[in-house]
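K.L.:
First the structure, then my questions, so here it is.
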2 protein chains.
Amino acid sequence: MYEKKIPKDFSCGMSITFEIIGGKWKPCLIDSINRGVRRPSELAKKHPLASKRVLNLQLKELEAYGVVRKIVYPVLPPKVEYFLTEVGESLLPLVTMMENWGSDFMDDFYKSQENMHTDPIVKEQF
Amino acid sequence: MYEKKIPKDFSCGMSITFEIIGGKWKPCLIDSINRGVRRPSELAKKHPLASKRVLNLQLKELEAYGVVRKIVYPVLPPKVEYFLTEVGESLLPLVTMMENWGSDFMDDFYKSQENMHTDPIVKEQF
DNA sequence: TTACATAGGGATAATATTATCCCCATACCA
DNA sequence: TGGTATGGGGATAATATTATCCCTATGTAA
């Protein structure tokens with residue numbers, strides 16, 4: 001965490017939603033925790049492309065916003081588990097919908113990447 | 001546009017969805033265009049907090065991905081209109097859902113910002 | 001002793017995104 | 001001539017986000 005210098009405008013719902021799930025790995029974390037992957041080490045194995053550092057940071061934010069709850073067992077070696085709160089569960093339909101839309105759009109997406117520079121339509125008459 | 005150096009991983013739908021609507025003003029633009037605000041100058045007036053520069057950039061990306069279609073009328077002063085494509089319209093339920101979720105969560109959100117540093121739960125017995 | 005597993009975070013570098021400012025072109029109007 | 005409206009973008013600065021590396025702590029097992 002560091003101090004933000006550009007004040008964020010949270011007047012519309014969209015900006016809040018993005019603040020909550022806008023991190024690179026947050027939706028993945030929510031999904032994984034929901035599927036029963038609860039411990040940090042397990043989450044790290046599940047997302048090898050993400051550094052542990054970032055996963056920790058994003059879990060911390062999710063916890064701060066009440067999306068996940070963290071349970072620390074006072075044992076050694078340490079044991080920690082994350083669970084979705086009610087708020088976190090209420091995000092699941094949204095996360096699912098975003099995942100599904102992206103999957104459906106995937107084919108078009110790759111095509112649009114090929115011809116990235118198409119000319120705009122110019123209407124000659126109107 | 002500039003060359004990205006960290007290759008993005010578009011293997012899951014979520015990452016694609018974020019690529020499409022992940023910009024700061026993209027959901028706002030999609031929503032506004034859907035509501036009939038089609039011309040760049042109108043969009044700029046509707047979103048005074050955004051610089052025209054960024055709006056242009058994000059409109060360009062939306063166009064490149066086939067979310068909006070740009071129509072240029074060859075007149076002076078210039079006239080341009082943006083419309084949602086089918087793909088763009090298919091995003092509307094998602095955008096609406098994100099907006100609604102954020103609005104519903106808004107109260108909790110402000111509370112969670114007040115006590116941002118809560119202690120994690122420590123289970124003494126398990 | 002050494003290594004391992006576990007969870008966490010400091011310090012810094014790299015990259016990505018957005019903000020700011022200022023310029024272009026052109027028809028019209030006063 | 002000078003100002004206005006319109007759409008667009010270059011150059012650069014500021015900020016935000018993520019990546020990399022490496023260190024802490026501790027009980028257990030080899």
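K.L.:
Considering only DSSP beta bridges whose two residues both sit in the protein assembly as shown, what percent are antiparallel, to the nearest 5?
P.N.:
75
K.L.:
Relative contact order for chain A: what is it in percent, counting Cα pairs under 8 Å that are at least 6 residues apart?
P.N.:
Value for chain A: 20 percent.
K.L.:
List the lysines whose alpha-carbon lies under 26 Å from that of A:K70, not counting same-chain residues fewer than 8 positions away?
P.N.:
A:K4, A:K24, A:K26, A:K45, A:K46, A:K52, A:K60, A:K79, B:K111, B:K123
K.L.:
Report, for B:D104, each distance to the same residue's label point in the other copies, shortest first and in nm; define the point 7 Å along Cα→Cβ.
P.N.:
So the label point of B:D104 gives 2.0 nm to the other copies.
K.L.:
Tell me, in nm to one decimal, what length is gained between B:E42 and B:V54 on full extension, where the rule is 0.36 nm per residue of separation less the Cα-Cα distance?
P.N.:
Extra length available between B:E42 and B:V54 comes to 2.9 nm.
K.L.:
Follow-up question, since we're still on this one. Which residue, A:V75, A:V67, A:V95, has the most motion in a Gaussian network model of chain A that connects Cα atoms within less than 10 Å?
P.N.:
It is A:V75.
K.L.:
Please compute, for peptide A:91-99, the average count of beta-carbon atoms on other protein chains lying within 10 Å of each residue's beta-carbon.
P.N.:
Mean shielding count: 4.
K.L.:
Give the separation of the Cα centroids, the range A:1-75 to the range B:82-112, in Å.
P.N.:
Measuring centre to centre over Cα atoms gives 20 Å.
K.L.:
Right, here's the next one. List, shortest first and in nm to one decimal, how far the label point of A:Y73 (7 Å from Cα along Cα→Cβ) is from its counterparts in the other copies.
P.N.:
Copy-to-copy label distances at A:Y73, shortest first: 6.8 nm.
K.L.:
Just the Kirkwood number for the protein assembly as shown, please: inverse of mean 1/r across all distinct Cα pairs, in Å, one decimal.
P.N.:
Evaluated over the protein assembly as shown, this radius sits at 20.1 Å.
K.L.:
Find the chain A residue whose Cβ sits closest to the rotation axis that carries A onto B, and give that distance in whole Å.
P.N.:
Here the nearest residue and distance are A:M97, 3.
K.L.:
Please average, across the residues of B:17-25, the number of beta carbons from any other chain that are within 10 Å of each residue's own beta carbon, and give a whole number.
P.N.:
5
K.L.:
Taking each label point as 7 Å beyond Cα in the direction of the beta carbon, state the distances from B:E86 to the same residue in the other copies, shortest first, in nm.
P.N.:
From this label point to the equivalent ones elsewhere in the assembly: 4.2 nm.
K.L.:
Could you tell me which helices of chain A pass both thresholds, a Cα extent of 24 Å or more along their own axis and a mean Kyte-Doolittle hydropathy of at least -1.0, with helices taken as whole DSSP H runs?
P.N.:
Membrane-span-like by this rule: A:92-114.
K.L.:
Here is a further query. If the range B:13-105 were replaced by its equivalent ellipsoid, with semi-axes equal to the square roots of 5 times the Cα gyration tensor eigenvalues, what would those be, largest first, whole Å?
P.N.:
23, 15, 12
Each value in this text was obtained by applying a stated rule to the coordinates, not by laboratory testing. The structure displayed is predicted, hence computed values, not measured ones. Cβ coordinates were reconstructed from backbone atoms using ideal geometry, including for glycine residues, and neighbour counts include every protein chain displayed.
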